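Chemist: So that we are looking at the same thing, I have put the structure below in structure tokens.
Every number in this text was worked out from the coordinates using simple rules, so none of it is lab data. It should be emphasised that the depicted structure is a prediction, and the values quoted were computed from it without experimental measurement. As a convention, Cβ positions derive from the backbone with ideal geometry for all residues, glycine included, and neighbour counts pool all protein chains shown.
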Amino acid sequence: MELSYHEKLTLIKLGEIGSCKVEELVERTKLDQVAVMRAILGLQSKGLAKLHEKHFKVVKSTELAKKYAQIGLPERRALKILVERGKISLDDLKDVLSEDELKPIVGLLRKEGWASVRKEEGKLVLEITEKGKQALSQKRPIDKALELLAERSEVEASEIEKLVSLKEIKRRKIGDEESKSEREVEITEKGLELVKTGLELKEEVSYLTPELITSGKWRNVEFKRFNIKAPVKVTYPGKKQPYRAFLDKIRRKLIEMGFIEMEAESLIETQFWNFDALFQPQNHPARDWTDTYQLKHPKMGYLPKEELVERVKASHEHGWETGSRGWGYKWDPRKAMLLMPRAHATALSARQLAKGVQIPGKYFAIQRVFRPDVLDRTHLIEFNQVDGFVVGEDLTFKNLLGILKRFAVEIAGAKKVKFLPDYYPFTEPSVQMSAYHEELGWVEFGGAGIFREEMTKALGIDVPVIAWGIGIDRLAMFKLGIDDIRYLFSYDLRWLREAKLVW
């Protein structure tokens with residue numbers, strides 16, 4: 001049987017006495033308590049020793065108990081002065097009792113039948129009874145409990161309860177209850193036989209060093225064996241927040257696929273970039289305060305260069321040079337100047353197209369957006385969105401569906417994906433993408449389409465642009481295996497520690 005050095009030493013010392021408390025074994029072996037406990041558990045698993053654990057409660061004496069042990073409990077001090085004088089007023093008791101002790105004493109003396117209580121000349125007067133005279137010379141259970149606590153400082157609760165209830169001890173504030181455990185080790189017959197056959201104690205080392213080899217000392221030592229299956233304390237190393245790590249991997253994957261990341265200067269946009277540049281009419285219901293947030297101060301921002309604004313205005317009013325009739329209304333530049341927290345990351349796509357793009361080219365952004373909504377397990381009012389577009393001469397709607405499916409299956413890990421017809425003011429045709437979640441069923445997480453010419457031509461682009469906006473928070477639910485979107489931003493330490501970093 002293979003035993004470590006600590007196990008051998010512990011077994012030998014245990015064999016000398018048969019059984020003892022763990023603390024005594026620590027003293028005999030001169031090892032620290034952790035090493036001794038590990039050795040005991042090892043010996044127990046091999047049937048050489050048994051560990052017995054006893055759990056019990058103790059009562060520890062308080063400072064008040066020590067004080068009462070010297071001067072007596074309040075009722076005994078009150079009885080003593082009553083026996084001496086026969087009759088006293090309540091005010092006279094203030095000489096021997098504190099204010100806190102005085103309050104319950106009248107009721108106690110009357111309840112025990114040690115004194116009669118009556119009023120004389122407006123004062124409360126106590127008079128000793130025969131029973132009270134006898135009580136002074138008698139020891140009650142509470143007196144014996146107090147003596148025990150004063151003598152030992154710590155008494156097993158079961159011993160105290162033979163005299164008085166723990167509730168009474170706590171009420172009197174003379175004892176505090178604590179839970180304790182006691183561990184005792186006993187050698188088994190098998191262990192005793194092994195000790196009698198003789199155990200050779202050799203120095204045990206954990207590492208083979210150059211010094212051990214050159215000196216030849218390796219021949220006289222034992223090498224410690226490591227049990228890789230032994231239970232150890234769980235440690236939680238530092239790591240990125242799981243959702244943050246997921247977003248970083250999405251970003252890296254898109255860059256590896258040849259996409260260029262669009263930069264955002266601010267979370268605040270003018271309605272021009274958030275709506276007008278996307279060919280969304282100024283009377284569209286999505287621009288109402290119930291569907292978007294608006295800034296109170298400052299209320300208005302600035303429009304871009306005049307040439308671009310004029311083209312966007314013309315597209316809205318009559319279609320400009322696109323062959324479209326536009327929306328057929330009078331476009332208001334002041335409404336376009338209103339400031340708002342970004343409602344969708346597509347605003348960045350409009351900015352990038354106006355700034356200029358490579359053709360062919362692929363662009364994306366992962367940005368925080370804001371929309372009024374009712375918080376629940378699939379909706380947030382502040383969330384992340386992955387927006388992107390591909391620009392090129394020969395792009396079709398089929399190319400768009402292929403990109404979306406690849407994104408959902410390969411990047412987000414969705415098992416089932418379906419597409420449904422949809423409508424957006426700035427794309428035609430348009431499509432909605434949903435993925436299947438085992439807990440939530442079909443979850444909508446993205447919209448896409450081909451940008452309309454009324455939008456792209458006004459921004460200076462004359463080739464097809466396929467684009468999408470995906471609620472990446474919902475895709476993260478699939479990948480991280482959670483059924484409540486709010487958990488992505490949770491402060492729950494258990495989830496943060498145990499959540500796996502996935503890809």
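Chemist: Going by average Cβ neighbours within 10 Å, how do the peptides 29-38, 235-244 rank, with the highest at the top?
Modeler: 29-38, 235-244
Chemist: Right, another one. To the nearest 0.05, what FRET efficiency results for Glu130 and Lys60 with a Förster distance of 60 Å applied to their C-beta separation?
Modeler: 0.95
Chemist: For a footprinting-style exposure proxy, rank Ile169, Ile359 by other Cβ within 10 Å, fewest first.
Modeler: The order, fewest Cβ neighbours first, is Ile359, Ile169.
Chemist: Which aspartates and glutamates, if any, have their Cα less than 20 Å from the Cα of Lys233, not counting same-chain residues under 8 positions apart?
Modeler: Asp32, Glu498
Chemist: If we sort 12-23, 486-497 on the protection proxy, mean other Cβ atoms within 10 Å, highest first, what's the order?
Modeler: Ranking, from highest mean packing down: 12-23, 486-497.
Chemist: Compute the Kirkwood hydrodynamic radius of region 244-498, taking the inverse of the mean of 1/r over all pairs of distinct Cα atoms, and give it in Å to one decimal.
Modeler: So the Kirkwood estimate lands at 18.9 Å.
Chemist: Show the residues, 5+ positions off or on another chain, whose built amide H is closer than 5 Å to the amide H of Val465.
Modeler: The list, which skips near neighbours in sequence, is Phe451.
Chemist: Which lysines does Lys21 reach when only Cα atoms under 19 Å apart count, and residues fewer than 8 places away in its own chain are ignored?
Modeler: Lys8, Lys13, Lys30, Lys50, Lys54, Lys57, Lys180
Chemist: Specify which residue in the list Asn283, Ile268, Tyr236 is farthest towards the positive end of the charge dipole of region 233-284, using unit charges on the beta carbon of Lys, Arg (+1) and Asp, Glu (-1), about the Cα centre.
Modeler: The residue sitting farthest along the positive end of the dipole is Tyr236.
Chemist: Just for the chain, what percent of DSSP beta bridges are antiparallel, to the closest 5?
Modeler: In the chain, DSSP labels about 95 percent of beta bridges as antiparallel.
Chemist: A follow-up question, please. As I understand it, the value is the acute angle between the Cα axis of helix 141-152 and the longest principal axis of the Cα atoms of the chain; what does it come to in degrees, rounded to 10?
Modeler: Computed tilt is about 80 degrees.
Chemist: Another question, if that's okay. Count the net charge of all other residues whose Cβ sits under 10 Å from the Cβ of Arg287, scoring Lys and Arg as +1 and Asp and Glu as -1.
Modeler: -2
Chemist: In addition: With the convex hull built on the Cα atoms of region 1-79, state its orientation-averaged projected area in nm².
Modeler: Quarter of the Cα hull surface area: 8.2 nm².
Chemist: Which of His318, His297 comes first, and how do the rest follow, when ranked by fewest Cβ neighbours within 10 Å?
Modeler: His297, His318
Chemist: Okay, next question. If you line up the long axis of helix 33-45 against the longest principal axis of the chain, both from Cα atoms, how many degrees apart are they, to the nearest 10?
Modeler: Tilt relative to the chain: about 90 degrees.
Chemist: Sort out for me the Cα centre separation of region 198-214 from region 393-449, rounded to whole Å.
Modeler: Cα centres, region 198-214 to region 393-449: 65 Å.
Chemist: A further question on this structure: Let me check I have the definition right: for region 63-177, take the eigenvalues of the Cα gyration tensor, multiply each by 5, take square roots. What are those semi-axes in whole Å, largest first?
Modeler: 28, 14, 12
Chemist: Residue by residue through region 55-66, which ³J(HN,Hα) values in whole Hz follow from phi under the Karplus form 6.51 cos²θ - 1.76 cosθ + 1.60 (θ = phi - 60°), with glycine and proline marked x?
Modeler: 10, 8, 10, 10, 10, 9, 6, 9, 4, 5, 5, 5
Chemist: Quick one: if the Förster radius is 41 Å, what FRET efficiency do Phe419 and His297 give, using the C-beta to C-beta distance and rounding to 0.05?
Modeler: Efficiency for this residue pair is about 0.45.
Chemist: Expressed as a whole number of Å, what is the distance separating the alpha-carbon centroids of region 330-353 and region 240-289?
Modeler: Cα centres, region 240-289 to region 330-353: 12 Å.
Chemist: Of Leu163, Pro421, Ile12, which is farthest on the positive side of the dipole of the chain, counting Cα position, with +1 on Lys and Arg Cβ, -1 on Asp and Glu Cβ, and the Cα centre as origin?
Modeler: The listed residue farthest towards the positive side: Leu163.
Chemist: Could you state the angle between the C-alpha long axis of helix 99-112 and the longest principal axis of the C-alpha atoms of the chain, as a value from 0 to 90 degrees rounded to the nearest 10?
Modeler: Between helix and principal axis, roughly 60 degrees.
Chemist: Please compute the modelled spin-label separation between Ala230 and Lys202, points set 7 Å along Cα→Cβ, answer in nm with one decimal.
Modeler: If labels sit at Lys202 and Ala230, their model points lie 1.9 nm apart.
Chemist: Next question. Looking at the chain, what % of the alpha carbon pairs are farther apart than 36 Å?
Modeler: 63 percent
Chemist: Let's test this: bin the Cα-Cα distances of region 195-329 at 10 Å from zero up to the farthest pair and state each bin's percent.
Modeler: The percentages, shortest bin first, are 8, 17, 16, 15, 8, 7, 7, 9, 9, 4, 1.
Chemist: Calculate the FRET efficiency for Leu41 and Phe223 from the Cβ-Cβ distance with a Förster distance of 30 Å, rounded to the nearest 0.05.
Modeler: Once rounded, the FRET efficiency stands at 0.90.
Chemist: Compute the whole-percent fraction of alpha carbon pairs in region 136-189 spaced more than 15 Å apart.
Modeler: Percent of Cα pairs beyond 15 Å in region 136-189: 53.
Chemist: How big is the C-alpha Rg of region 309-375 next to the rule-of-thumb value 2.2 N^0.38 Å, as a ratio?
Modeler: Relative to the 2.2 N^0.38 Å estimate, region 309-375 comes out at 1.39.
Chemist: Here's a follow-up. How much mean residue ellipticity at 222 nm does the chain get from its helices, if each DSSP H run of length 4 or more adds -39500 (n - 2.57) and you divide by all residues, to the nearest 500 deg cm²/dmol?
Modeler: About -10500 deg cm²/dmol.
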